[in-house]
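The values are calculated or read from the model by the stated rules, or taken from the named source; none is laboratory data. Predicted model only: the values in this text are computed from it and were never measured. All Cβ positions, even for glycine, are placed from backbone atoms using ideal geometry, and neighbour counts span all protein chains on display.
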Protein chains: 2
Amino acid sequence: MPTLTRKGAATRQRILEGAAAHIREHGVVATTLDDVLARTATSKSQLFHYFPGGREELLLAVARFEAGRVLEDQRPQLGDLTSWPAWQAWRDRVVDRYRRQGRLCPLNSVTSHLGNGTPGAQAVVTELLHRWQGEIAAGVRHMQAAGEIDPGLDPDRAAAALLACIQGGVLIQMSTGETTHLEAALDMGIAALRHH
Amino acid sequence: MPTLTRKGAATRQRILEGAAAHIREHGVVATTLDDVLARTATSKSQLFHYFPGGREELLLAVARFEAGRVLEDQRPQLGDLTSWPAWQAWRDRVVDRYRRQGRLCPLNSVTSHLGNGTPGAQAVVTELLHRWQGEIAAGVRHMQAAGEIDPGLDPDRAAAALLACIQGGVLIQMSTGETTHLEAALDMGIAALRHH
DNA sequence: TCGAAAATGGACTGTCAAGTCCAAAAGCGC
DNA sequence: GCGCTTTTGGACTTGACAGTCCATTTTCGA
């Protein structure tokens, strides 16, 4: 593994971001290496220099890149679920994020194309889900400590359910283009926390 | 469109089911027309005779085929959500169905590969979702009529939320292999109906 | 400034799979 | 059984795209 010079690192990053952008716009299936090359003004040898594993390695890198954005896009609300208005603000932020994103979910797209069973893809997704669920659970615990949520509720299980609500809502949005299901599911999930 | 003889219809069906089976086992990406031909003991000309649109038309047909199974696999419980034990039985059936299916969701796989925006794919999925949600909503209404659910609850919105719970739970199962999220989300969704 | 290591350009190859074509066989209404 | 339509076999064409290779240029530490 050769050490990267400043220029090399920049090129690698350019390829990665270009690939991510192209995938976000056109989907994985319609993204060839040549597309990425053209868009980023790089050559084949560069791509294979920085991603020796070729297409597969590049896709995995894109998956990691996109996974990193998911939680960041929910900041700072996700880390501050300390009051009911804060939960509502987070809910709005999530809905807004996915409404903006539109019908394409790059992460889902990439990982399902890579095969969900692939070790690499699986690692990226499960780690994201795990952290996501952990942050929600932390919010639940905080509300429990504040006496706002029944202490008998299992925070992890509740967070798991809420996470599924989001995933399902987004998945449905992929097909319908509407965020109504996402909103309904999130509202129901949060309401369930309050009235357990 | 030539009229199909008995033999022709059988061949067409054989190709369709063979393609669906191969996709369920190996995923869309790893399914070529030649694979399908080999498995179904047919020739190229036959495939293009019955599916003039080629691969794309075949995939769409597979999507329709798989979509048709989804609700059928939830019978008879889905059509009979008339008591809390019945809801529980349905919940168990859904969990069981997806546990059996394992990590591959043929429908999701096919449609996301076809592109969720494609008119054909979109029609198949939205119609399935619509009918699914309708059946759940009918169950909610029935329980409302029986005085078991708060009549102030919007049945369609509740059904939308519950549907999102399922979709999200299944999506997470694709990556993790576990049905814990699906179970947690369904339980929460049904509990929300009771305690609204 | 010099030389090794890294970065780059781009032509070239090989593979694989979708889709075409035509001639031969089988089915079906009469 | 006759003739028209449907069905079938399978070779062939075409195109696309991942991945390879090597010569050349640039970077960067000593």
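Per-residue answers, yes or no, for (1) more than 30 Å from B:A138 (Cα to Cα); (2) more than 13 Å from DNA strand C (Cβ to nearest atom):
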site	(1), (2)
B:Q13	yes, yes
B:A20	yes, yes
B:V29	yes, no
B:V36	yes, no
B:A63	no, yes
B:V70	no, yes
B:P85	no, yes
B:Q88	no, yes
B:V95	no, yes
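Just name the residue that is modelled with the lowest pLDDT out of those in the stretch B:104-115 that are under 14 Å from the mean Cα position of the chain (by Cα) and of a type outside the set (S, T, Y). Checked the stretch B:104-115; the qualifying residue modelled with the lowest pLDDT is B:L104. Filtered by the rule that a residue be crowded, with 18+ Cβ neighbours inside 10 Å and hydroxyl-bearing (S, T, Y), the stretch A:45-68 gives a lone residue, A:Y50.
Under the condition of being under 23 Å from A:A121 (Cα atoms) and without any contact (Cβ under 8 Å) to a residue 40 or more places away in the chain, the residues counted in the stretch A:1-24 number 7. Scanning the stretch A:133-160 for residues that are within 12 Å of another protein chain (Cβ to nearest Cβ) and of a type in the set (S, T, N, Q) yields a count of 1. When restricted to residues that are facing chain B (nearest Cβ under 7 Å) and polar (S, T, N, Q), the stretch A:166-192 contains 4. The residues of the stretch B:1-11 that are in a helix (DSSP H, G or I) and near DNA strand C (Cβ under 10 Å from one of its atoms), listed by number, are B:R6, B:K7, B:G8, B:A9, B:A10.
Here is the figure for the stretch A:69-82: residues that are outside any helix (DSSP H, G or I) and surrounded by 14 or more Cβ atoms within 10 Å (Cβ to Cβ) total 4. Candidates in the stretch A:10-29 are the residues that are surrounded by fewer than 19 Cβ atoms within 10 Å (Cβ to Cβ), among the hydrophobic types (A, V, I, L, M, F, W, C) and modelled with pLDDT of 95 or more; of these, the one that is nearest to the chain's Cα centre (by Cα) is A:A21. Evaluate the following for B:T42: is it buried (at least 18 other Cβ atoms within 10 Å of the Cβ), outside any helix (DSSP H, G or I) and more than 8 Å from DNA strand C (Cβ to nearest atom)? Spelling it out, B:T42 is indeed buried (at least 18 other Cβ atoms within 10 Å of the Cβ), outside any helix (DSSP H, G or I) and more than 8 Å from DNA strand C (Cβ to nearest atom).
Here the stretch A:176-196 is the region considered, the condition is being touching a residue at least 12 places away in the same chain (Cβ under 8 Å) and not hydrophobic (A, V, I, L, M, F, W, C), and the residue that is farthest from A:R97 (Cα to Cα) is A:H196. Only one residue in B:L107, B:L114, B:L128, B:L163 is more than 7 Å from chain A (Cβ to nearest Cβ) and farther than 30 Å from A:G120 by Cβ, so which one is that? Result of the check over B:L107, B:L114, B:L128, B:L163: B:L128.
Report yes if B:A21 is under 30 Å from B:A185 (Cβ atoms) and out of contact with any helix residue (DSSP H, G or I) (no Cβ under 7 Å at 6 or more places or on another chain), otherwise no. In short, yes. Within the stretch A:9-44, the residues that satisfy the criterion of being near DNA strand D (Cβ under 9 Å from one of its atoms) and closer than 16 Å to A:E57 by Cβ are A:T31, A:T32, A:L33, A:V36, A:L37, A:K44. Is it true that some residue in the stretch B:127-146 is in contact (Cβ under 8 Å) with a residue 24 or more places away in the chain and within 19 Å of A:A191 (Cα to Cα)? Among the residues of the stretch B:127-146, at least one is in contact (Cβ under 8 Å) with a residue 24 or more places away in the chain and within 19 Å of A:A191 (Cα to Cα), which makes the answer yes. Scanning the stretch B:45-54 for residues being more than 13 Å from DNA strand D (Cβ to nearest atom) and either more than 25 Å from the chain's Cα centre (by Cα) or among the charged types (D, E, K, R) (or both) gives a total of 0.
In the stretch A:84-125, the residue that is surrounded by the fewest Cβ atoms within 10 Å (Cβ to Cβ) out of those that are assigned to a loop (DSSP other than H, G, I, E, B) and in contact (Cβ under 8 Å) with a residue 60 or more places away in the chain is A:G102.
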